[in-house]
Amino acid sequence: MSITLTPLVELPQTEVDDARTLLRAIVSEKYPGIDLDATLFESLLLDVLGTVYAAVSTYVQDVDNSTSLQKIQEDPESADADLVDLRAANFRVTRQTATRAGGEVVIVISRQLATTIPAGSQFTANGTTFQTEESFAARLAESNLLYDTDRLLESAGTNRYKFTVTVTATDTGAAGQLKQGAKLIPTTPPAYFVEAYAASDFTGGRDGQSNTELQAELTSGLSVKSIASRLSVLPTIKTANVDEYPEAAEFADIVAGSVIGFGDEELSVDTTSLFPIRKATRAELYVKTSQQIQLVEYTVAATLVGTYDGFGVWQFVLDKSEAAGVYEIKRVVKTTADADSTGYEVTSDFRGVDLTGEGYIPAITQNLEGAYSAYQTITVKIVDTDTDINSLTIGTSSQEYLVTVAYQPQLANIQTFLSRSDVRNPNGDVLAKAAVPAYVRIAMKIVDDSEVEFDEDPIRLAIQAYIGQLGFAGRLYVSQLTSEIVQALPASAVLSNIYASLRVRAPSGTNLYVRNEHLLEVPYEPDELVSDKTVAFFVNDEDIIIEVQ
Amino acid sequence: MSLDLSQHLGRVYDMVVWRPVVTAANKLQELLPVLLDETGEAQICTGLQKLAQKFLIVLHTEKGTVPYRPDFGTDFIPNLRSGKVRQEADLMSVFTLAEIDIREVLKSLETDDTPADEKYSAAVVKGTLVTPGYAMLKVELHSEDSQATYLLPISIDLIST
């Protein structure tokens with residue numbers, strides 16, 4: 001506990017004055033004959049005891065502020081963290097500790113040379129330092145891969161060879177969550193080093209939960225740990241015992257959830273019924289599992305399925321393990337492509353469902369119902385304008401591509417948890433889906449009188465942090481965005497103009513657009529499974545456009 | 001002279017920290033800094049004795065040294081310690097400055113219930129002496145009761161009072 005007795009010379013004057021007044025009244029009442037003005041009694045009783053009393057009173061007040069639920073709610077950040085933890089434990093809520101981010105880094109060298117990256121090798125990006133926890137070795141042939149830390153050195157174009165290493169941030173916090181493609185600079189570059197970049201979005205980095213965030217969870221901690229009611233579903237998931245349910249390891253990071261149940265227009269229609277009714281024994285949980293949409297890259301085998309304008313049309317399938325929670329295909333490139341390559345045009349994005357596998361599987365009767373869930377599959381067609389198909393055979397020829405998808409993590413784990421026999425509601429099932437994404441796009445003009453180069457990062461981080469923590473808000477006021485931006489501006493700059501818009505990607509693939517100067521409100525389209533109960537706001541870094549004059 | 005407890009009734013008292021030297025006519029002649037008498041007993045006082053003690057407490061307290069009471073006290077001791085006092089005129093000067101602070105403090109503590117012989121009126125310097133390393137100041141203290149009778153301090157059981 002960090003609360004200690006305040007040194008007697010550092011007490012607030014008002015506390016000492018109040019203590020002296022109280023002691024004067026007490027002593028005078030008990031010993032009315034004692035003179036307490038400019039006397040020895042005053043020196044001993046009021047000066048000495050009054051100061052001690054004030055110190056103890058201040059200490060008691062600090063403890064009270066940190067243990068009283070009402071006081072914590074009034075001013076969370078002034079409460080002692082250790083005492084707040086003790087109070088939160090009474091509500092079965094545990095503070096989330098800070099964690100370190102980590103992920104895979106692609107290292108590109110210009111020679112096909114076996115290379116070793118020792119443990120403790122450091123890389124920096126965006127002011128954050130990352131390092132390898134183990135020693136990695138790039139091998140020239142698959143037959144030489146003997147250990148888990150051996151990586152195959154693959155061709156990545158002319159005079160480019162790549163392999164991956166795993167790194168972890170040296171410090172805790174969300175600052176370590178690099179986005180896919182972010183460049184890293186090695187402290188000690190390996191021989192023939194060309195570049196290093198994040199293979200996929202880094203995960204795991206988390207700031208420690210503040211008192212404000214912790215006390216906001218207290219009401220959820222009180223709820224019964226079952227999925228019998230809307231209020232209890234998300235707390236049940238977030239507080240699942242990891243020892244008992246290993247899939248729950250990262251459930252505490254879930255940002256928000258919204259339950260759609262019987263009676264809601266957004267609930268999937270029961271197509272097995274003669275009548276057009278909503279499913280009576282189903283609940284659907286839309287979850288925002290991370291503050292920002294994640295990117296991950298897969299290597300897929302595509303088959304030549306046709307031609308278009310002389311170019312090959314290639315098709316590949318993302319199975320449910322790859323497509324769980326996936327919103328969009330962001331990029332498809334050859335395995336030898338540069339990190340900056342924009343990729344090929346996606347001409348078809350078909351969503352299906354895969355209901356095979358072990359364990360309980362919710363009754364999903366149509367593809368739209370399974371979109372964004374853990375059972376989603378995606379069949380993708382692209383037009384490859386680089387590959388010569390003259391000697392290839394349609395339906396047979398195949399080649400590999402790197403596919404980057406935008407997704408929300410944890411869907412498969414959440415569904416596994418909800419489908420457990422000791423967790424799921426005996427009256428029906430719960431289908432977990434990634435929240436329908438509403439992509440916020442913000443363009444602004446900033447006038448800066450400073451001669452120093454303008455730093456956009458604080459503004460970007462402020463916008464991402466604000467939108468990232470929003471749950472199923474349904475509305476996003478432009479004035480609130482303006483407030484966040486203004487607070488992040490340096491003293492030399494002013495915000496002269498701002499424009500915001502919204503693109504909601506419905507599960508069917510339809511894009512719904514919202515443009516308004518003041519308010520971005522989620523449209524109500526229950527047949528598209530779009531409403532304020534299903535849609536969550538996100539913002540990508542590339543959708544924050546800043547023009548500085 | 002005899003002790004008269006009734007003279008102290010209805011008054012609030014202080015501990016005696018300066019022992020009085022009283023004449024045969026029951027006049028307070030001077031105060032000596034002694035906490036216990038010959039018998040080892042502590043005593044309490046009211047009236048002129050208490051007023052004199054208040055005066056001396058404020059005079060001897062260095063202003064700013066009492067935590068959370070920065071205005072209590074005077075600069076009398078700091079001025080003496082600084083070496084400013086080289087002759088009697090200097091001693092008069094620093095005492096005069098201190099008396100202003102003392103008057104302000106003592107007057108702020110007086111109420112309508114304060115007996116007249118405990119209300120401060122004036123401090124008259126009766127004698128000064130300054131020699132290298134030594135200064136002596138003799139002050140005659142006056143209360144608002146010019147006919148006040150000096151009340152001898154008494155030993156009492158403070159707990160049961």
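The values are calculated or read from the model by the stated rules, or taken from the named source; none is laboratory data. Given the structure is predicted, the values throughout are model-derived calculations rather than measurements. Cβ placement follows ideal geometry from the backbone for every residue including glycine, while neighbour counts extend to all protein chains displayed. Quick note on the areas: whole protein, heavy atoms, side chains included, nothing else; ligands and nucleic acids left out. Shrake-Rupley method; radii C 1.70, N 1.55, O 1.52, S 1.80 Å.
Residues with beta-carbon under 14 Å from that of A:Thr303, excluding A:Thr303: net charge, scoring Lys, Arg +1 and Asp, Glu -1?
Within the 14 Å Cβ shell, the charges total -1.
Mind pulling the angle between the C-alpha long axis of helix B:88-109 and the longest principal axis of chain B? Nearest 10 degrees, somewhere in 0 to 90.
40
What lysines sit close enough to A:Lys162 to cross-link, taking a C-alpha to C-alpha distance under 30 Å and skipping anything fewer than 8 places away on the same chain?
Excluding near neighbours in sequence, the set is A:Lys179, A:Lys183, A:Lys320, A:Lys330, A:Lys334, A:Lys381.
In the stretch A:15-31, what residues drop by 40 Å² or more in accessible surface going from the chain by itself to the full protein assembly, probe 1.4 Å?
By number: A:Tyr31.
Quick one: net charge around B:Thr46, please, counting Lys, Arg +1 and Asp, Glu -1 for every other residue with C-beta under 9 Å from its C-beta.
Neighbourhood net charge equals -2.
Give, as a single signed number, the net charge of other residues whose beta carbon lies under 11 Å from the beta carbon of A:Thr94, with Lys and Arg counted +1 and Asp and Glu -1.
Residues near A:Thr94 contribute +1 overall.
Could you look at the stretch A:1-158 and say what percent of its accessible area is carbon and sulfur, using a 1.4 Å probe and all protein chains?
52
Where in the stretch B:55-90 does accessible area fall by at least 50 Å² between the isolated chain and the complete protein assembly, at a 1.4 Å probe radius?
Going by heavy-atom accessible area, the residues of the stretch B:55-90 that drop by at least 50 Å² are B:Tyr68, B:Arg69.
Enter the accessible area per residue of the stretch A:108-155 (Å², integer; probe 1.4 Å; all protein chains in place).
57
Please report the accessible area of B:Arg19 (heavy atoms, 1.4 Å probe, ligands and nucleic acids excluded) in Å², nearest 10.
20
Which helices of chain A meet both criteria: a Cα extent of 27 Å or more along the helical axis and a mean Kyte-Doolittle score no lower than 1.0, with helices taken as whole DSSP H segments?
In chain A, no H run is both long and hydrophobic enough.
So what's the back-of-envelope 222 nm ellipticity for chain A, counting only DSSP H runs of four-plus at -39500 (n - 2.57) apiece and dividing by all residues, rounded to 500?
Per the formula, -5500 deg cm²/dmol.
Extending each Cα 7 Å along its Cβ direction at A:Asp338 and A:Thr14, get the distance between those two points in nm, one decimal.
Result: 6.4 nm between the two label points.
Give the B-A buried accessible area in Å², both sides summed, 1.4 Å probe, nearest 100.
1600
At 1.4 Å probe size, put A:Arg20, A:Arg441, A:Arg515 in order of accessible surface, largest to smallest.
Descending accessible area places them as A:Arg515, A:Arg441, A:Arg20.
Compute the relative contact order of chain A as a whole-number percentage, counting only Cα pairs closer than 8 Å that sit 6 or more residues apart in sequence. All intermediate terms of the calculation are to be shown ahead of the outcome.
Numbers: 1176 pairs, mean separation 63.9, N = 549.
Answer for chain A is 12 percent.
Pulled fully out, how much extra length does the chain show between A:Asp422 and A:Asp349, if you take 0.36 nm times their separation in residues and subtract their Cα-Cα distance? Walk me through the intermediate numbers first.
Numbers: separation 73, 0.36 × 73 = 26.28 nm, distance 3.65 nm.
Contour length minus Cα-Cα distance gives 22.6 nm.
What does the helix-only formula give at 222 nm for chain B: each DSSP H stretch with n ≥ 4 adding -39500 (n - 2.57), the total divided by the residues, and the result rounded to the nearest 500 deg cm²/dmol?
It comes out at -8500 deg cm²/dmol, rounded to the nearest 500.
Keeping every protein chain present and rolling a 1.4 Å probe, give me the accessible area per residue for the stretch A:370-512 in Å².
Ligands and nucleic acids excluded, the result is 42 Å² per residue.
To the nearest 10 Å², what's B:Ile100's accessible area with a 1.4 Å probe?
Its accessible surface works out to 90 Å², give or take rounding.
Mind checking the dipole of the stretch A:78-149: about its Cα centre, +1 per Lys or Arg Cβ, -1 per Asp or Glu Cβ, Debye to the nearest 20? Please list the in-between numbers first.
On the way: 6 positive and 8 negative charges, 26 e Å.
My answer is approximately 120 debye.
With a cut-off of at most 14 other beta carbons within 10 Å, and DSSP calling the residue loop, which GluC sites (Glu not before Pro) in the stretch A:478-549 qualify? Please list them.
Filter output for the stretch A:478-549: A:Glu517.
Considering only protein heavy atoms and a probe of 1.4 Å, how much of the accessible area of the stretch A:417-502 is carbon and sulfur, as a whole percent?
Carbon plus sulfur share of accessible area: 47 percent.
If the reach is capped at under 26 angstrom between alpha carbons, list the lysines near B:Lys107, excluding any in the same chain fewer than eight residues apart.
In chain and number order, the partners are A:Lys30, B:Lys27, B:Lys50, B:Lys54, B:Lys63, B:Lys119, B:Lys126, B:Lys138.
When only DSSP loop residues count, what trypsin sites (Lys or Arg not before Pro) in the stretch B:63-148 have their Cβ near at most 11 other Cβ atoms within 10 Å? Write down the numbers at each step before the final one.
Numbers: sites: B:Lys63, B:Arg81, B:Lys84, B:Arg86, B:Arg103, B:Lys107, B:Lys119, B:Lys126, B:Lys138; in loops: B:Lys63, B:Lys84, B:Arg86, B:Lys119.
Filter output for the stretch B:63-148: B:Arg86.
Quote the FRET efficiency, to the nearest 0.05, computed for B:Gln29 versus A:Gln61 with a Förster distance R0 of 45 Å and r equal to the Cβ-Cβ distance.
Once the sixth-power term is evaluated, E becomes 0.30.
Carbon-plus-sulfur fraction of the accessible area of the stretch B:86-137, 1.4 Å probe, in percent? Please list the in-between numbers first.
Working: 1580 of 3020 Å².
The C+S portion of the solvent-accessible surface of the stretch B:86-137 is 52 percent.
Just to be sure I understand the interface: list residues from the stretch A:38-52 that lose 10 Å² or more of accessible area between the chain on its own and the complete protein assembly, 1.4 Å probe.
Going by heavy-atom accessible area, the residues of the stretch A:38-52 that drop by at least 10 Å² are A:Ala38, A:Thr39, A:Leu40, A:Phe41, A:Glu42, A:Asp47, A:Thr51.
With θ taken as phi - 60° and the coefficients 6.51, -1.76 and 1.60, list the Karplus ³J(HN,Hα) couplings across the stretch B:140-152 in order, rounded to whole Hz; mark glycine and proline as x.
Result, rounded to whole Hz: 9, 9, 10, 9, 6, 9, 5, 9, 4, 9, 6, 9, 5.
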